[in-house]
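The values are calculated or read from the model by the stated rules, or taken from the named source; none is laboratory data. Please read these numbers as outputs of a predicted model, since none were measured by experiment. Note that each Cβ is placed from the backbone with ideal geometry, even for glycine, and that neighbours are counted across all protein chains shown. Ligands, DNA and RNA are excluded from the accessible area calculation, which covers all protein heavy atoms including side chains. Shrake-Rupley method; radii C 1.70, N 1.55, O 1.52, S 1.80 Å.
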Amino acid sequence: MKSGKFRKTILAAVVVMTGIFAFSTLMAADDITIPKVGISITNAKTPKDVAATVQIFLLLTILTLAPAILMLMTSFPRIVIVLSFLRQALGSQQIPPNQVLIGLALFMTFFIMKPVGQEIYDKAWKPYVDDKITLEKSVDEGVKPLRQFMFKQTREKDLALFIFLSKTARPKNQSDVPTTVLIPAFIISELKTAFTVGFLIYVPFLIVDMVVASTLMSMGMMMLPPVMISLPFKILLFILVDGWHLIARALIVSF
């Protein structure tokens, strides 16, 4: 045992020494160059330098808020909540898994929001890159399509609630509504719509559960869980009506 441990120690030392020798050989070679990476902060000499710095900070801020923008200012919350209700109604536990549901909701969101994104690109991003408009004008033009989308999906009741709570003056038109008021109203409206759709999805599967449970009780099978029997029937029902097609179509058309 001691000789085996000694051989392993010698072998490990040889491997380490070989690695050190190989690394030192590469470092000594003339044709091997290692790039130098550094970050420097210098004083701004012109107003353009200051503007570029502000733009970088704004870009980093937008990238940080990108997940929140995606989840709370697009069609994503309604889609993912409805799909979660569907899985709960089927009673299939973790099938489909969360990764599949989120991925499906994400790509459906891209499909639905494509016209909005294209309008933002044409009216805000491309003119700014071509130096046709300023940064402030680009931000204003980029927010407009997103606001129009949220206004279409927001209930007046929810919008009035947040206008009242914010103690702002009654707006005369949509342009007078602050974005900070529109976003929470949009989220509340989307949650209400998603829960309404989820309830409608639950009803047929609940009927199947009730029929199976009453049948088992009438047969005296008290110890047999109704979920084990109703699950195949619910999956069969969902397949026969082409459920995924109907759910995807209903969600997309709802926007």
Positive minus negative residues near Val80 (Lys, Arg vs Asp, Glu; Cβ under 12 Å):
+1
Overall Cα dimensions of the stretch 118-162 - principal axes, largest extent first, Å:
41, 19, 7
What are the ³J(HN,Hα) values, in whole Hz, obtained from phi via the Karplus relation 6.51 cos²θ - 1.76 cosθ + 1.60 with θ = phi - 60°, for each residue of the stretch 142-152 in sequence order, with x given for Gly and Pro?
x, 7, 4, x, 5, 5, 4, 5, 5, 4, 5
For Trp125 and Phe199, FRET efficiency with R0 = 51 Å and r from the beta-carbon atoms, rounded to 0.05?
0.80
Pseudo-spin-label distance Gln99 to Ile69, built 7 Å along Cα→Cβ, given in nm, is 2.8
Once phi for every residue in the stretch 234-239 is put through the Karplus expression 6.51 cos²θ - 1.76 cosθ + 1.60 (θ = phi - 60°), the whole-Hz ³J(HN,Hα) values, with Gly and Pro written as x, are 5, 5, 5, 4, 5, 5
Would you kindly derive the ³J(HN,Hα) couplings of the stretch 159-176 from the backbone phi angles with the Karplus curve 6.51 cos²θ - 1.76 cosθ + 1.60 (θ = phi - 60°), listing them in order in whole Hz, with x for Gly and Pro?
5, 5, 4, 6, 5, 5, 5, 7, 6, 8, 5, 4, x, 7, 8, 5, 5, 7
Taking the Cβ of Met113 as the centre, find all other residues whose Cβ is under 14 Å away and add up their charges (Lys, Arg: +1; Asp, Glu: -1).
+2
When each of Lys132/Lys172; Lys132/Lys167; Lys126/Lys192; Lys123/Lys152 is checked by Cα-Cα distance, pairs over 29 Å
Lys132/Lys172; Lys132/Lys167; Lys126/Lys192
Hydrodynamic radius by Kirkwood for the stretch 110-255, inverse mean 1/r across distinct Cα pairs, in Å, is 19.4
Where in the stretch 147-216 are there trypsin sites (Lys or Arg not before Pro) that are in a DSSP coil and have at most 11 other Cβ atoms within 10 angstrom of their Cβ?
Lys167, Lys172
Quick check on the stretch 83-191: what are the equivalent-ellipsoid semi-axes from the Cα gyration tensor, as sqrt(5λ), descending, whole Å?
32, 24, 9
Taking all protein chains as present, what is the carbon and sulfur share of the accessible area of the stretch 142-199, in % to the nearest whole number, probe 1.4 Å?
64
Send over the semi-axes of the stretch 186-255's equivalent ellipsoid, whole angstrom and largest first, taken as the square roots of 5 times the C-alpha gyration tensor eigenvalues.
31, 15, 7
